[in-house]
1. Would you pull out the residues with amide H under 5 Å of B:Asp215's amide H, same chain only if 5 or more places away, H placed 1.01 Å from N?
2. When A:Ile241, B:Ile88 are ordered from fewest to most other Cβ atoms inside 10 Å of their Cβ, what list results?
3. Take each uninterrupted DSSP H stretch in chain A, measure its Cα extent along the helix axis, and return the ones at 20 Å or beyond whose mean Kyte-Doolittle hydropathy is at least -0.5.
4. For A:Arg67 and A:Gln85 in the same chain, what is the full-extension length gain: residue separation times 0.36 nm, less their Cα-Cα distance, in nm?
5. How would B:Glu133, A:Glu284, A:Glu234 line up from fewest to most surrounding beta-carbon atoms within 10 angstrom?
6. Just subtract the alpha-carbon distance of A:His124 and A:Thr14 from 0.36 nm times their residue separation and send over the number in nm, one decimal.
7. Listed highest first by mean packing, meaning other Cβ atoms within 10 Å per residue, what order do A:69-80, B:239-250 come in?
8. If you rank A:Ser225, A:Ser257 by fewest surrounding Cβ atoms within 10 Å, what's the result?
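Derivation of every value follows stated rules applied to the coordinates shown; laboratory data play no part. This one's a predicted model, so the numbers in the text were calculated from it and none came from an experiment. Because the Cβ atoms are built from the backbone with ideal geometry, glycine has one as well, and the counts that use them run over all protein chains shown.
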Amino acid sequence: MTVLDIQDLHVAFTQRGRVTPVLRGVNLTIEPGRICGLVGESGGGKTMVGKAITGILPEDARITAGRILFKGRNLIGLPEKERRQLLGRSIAMILQQPTTALNPILRIETQILEVLQRQMGLAHQAARARALELLDTVQIRAPERVLRQYPHELSGGMCQRVVIAIAFSCQPALIIADEPTTALDVTVQFEILRLIKILQRDFGTAVLFITHDLGVVANLCDRVSVIFGGSIIEEGQTTDIFTAPKHPYTSALMAASPRHDQPEKGLHPVPAEIVSQLWREIEEHDRARSA
Amino acid sequence: MPDLLSATGLHLALPDRTRTSLIGRAPLIEILKGIDVSLAPGEALGIVGESGSGKSTLGRTLLRIYTPQQGCIVFDGVDIANASETAIASLRLRMQMIFQDSQSSLNPRQRILDILTAPFIAHGIASGDRARERAITLLERVGLDTRHGQRYPHQLSGGQRQRIGIARALAMRPKLIIADEIVSGLDVSVQAQIIALLRSLRAEENIGLIFISHDLSVVRSICDRVAVMRSGEIVETGACADVFATPQHAYTRALLRAIPLPVVNPQWLQIDGSDPLPRT
């Protein structure tokens, strides 16, 4: 059964009475145990998709149409209590800044145990044993010591490992990872990507991987959706998209990505016509919808 | 041809603010451990490394924003490491720096045109309409126009602000520009535009460029030579073509292999069977 099925999702901001659409009919599905990349440039709406799924949209934004089906159940309009139960237990998040995802004044132990006790109903001793096991799973060498530490005592990479441990702790069906390696050094990014891939494979978790980096998508994801102006302009198997992209914007993004192996193939600016054509289509779409 | 810039045996230690005690001074921590770099006129040198490698500190030391404890820095024939502030003040016009955070390096209360006329007025080069004309010429050189001159920094996009940073650096016709992570945080399409701009400026004028970046791919496409830094030392240096094709140092190889290329490669993550990762 499809884990996540987003149908015609529309989100709009309302500021001083003016309505600005940010998502214009997003369609996206993820099958169990698959990694789906959602790639696009800033302002494209990729982060908003993740926020809409988890119900943490900014105050002035709201869902104006569409459905977000998680295992067949619509998350939109779900009573707060049920939504809270799902989040953390069945849907977990990994964000760009691991240091902000963790509470700076609580020891790592307190933060992991809280999740295990509340979501999994484990007793203190059992939760502690499970926490050590999880830290070991995310390749932390001295789990006992890390449990006693505070987030600021850990490097960015270590913090992200802890966040990943918490995300996988309840064996969720879906993990939403929003730029989880963007703030990390490239060698640390490699280790974290590898870790996410191994864990999602071993736990059979579906992952929505939100990123601006086509290199990460090419090497990590099974499928990829390219987002621009709040709609998915191209979707498909990663190998198909990278060997034969159909949308000119997708090919332009690939040509804009830097290539140290073949420098002449990279860093070509995106032709202005492609972007202006996309905006014309968006304006038409907006006019048609408001008419 | 003599070097435009040549630094030898640079040592720099700064107070370790994470270990400040109530009594006495914070202990010094060594950041640059004997750095040698040189740059020919018009050459572009990339300095790459991960966070904490000392690459940004090196850039600032080369401009004597930090004074090294040991070593010398010769710019255009003058040793600026040991010269007085007044002696290097005039040289500073010929060496400019562009920063990553274009938002905070531009005065938010000044219009772009005022930001760009300021150096001409301050150094008595031009004033009034003449300064204005020069500022507009600068705007055009970086692909913007008069309309952008009327705006405030926050009204421009990140890419446009970075163009202003470049325009301001060009104002005094520098011989050397040190660019510190100037395309990090920009979208790939904008990044490509800024790199294209830097490339064309380099082709027009004989400006030496020190391009500091964590991104080896970007350095590959704009620099002639590259120096790889780790923990305050240069572990490998050479022509880009050579270093990228046949990296000699294990760390350079590790950095290169960790960069995900926009090409599908199922072997890249090195996951076969269930081999465990080393614990960190």
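1. none
2. Numbers: A:Ile241 27, B:Ile88 19.
Taking fewest neighbouring Cβ atoms as first place, the list is B:Ile88, A:Ile241.
3. Numbers: long enough: A:186-203 (25 Å, 0.63); A:272-290 (27 Å, -1.03).
Result, helices passing both filters: A:186-203.
4. Details: separation 18, 0.36 × 18 = 6.48 nm, distance 1.92 nm.
Gain on stretching A:Arg67 to A:Gln85: 4.6 nm.
5. On the way: B:Glu133 13, A:Glu284 10, A:Glu234 19.
Final ranking by Cβ density, sparse to dense: A:Glu284, B:Glu133, A:Glu234.
6. Working: separation 110, 0.36 × 110 = 39.60 nm, distance 4.54 nm.
Difference between extended and current length: 35.1 nm.
7. Ranked by mean Cβ neighbours within 10 Å, highest first: B:239-250, A:69-80.
8. Numbers: A:Ser225 28, A:Ser257 24.
Starting with the residue having the fewest Cβ neighbours, the order is A:Ser257, A:Ser225.
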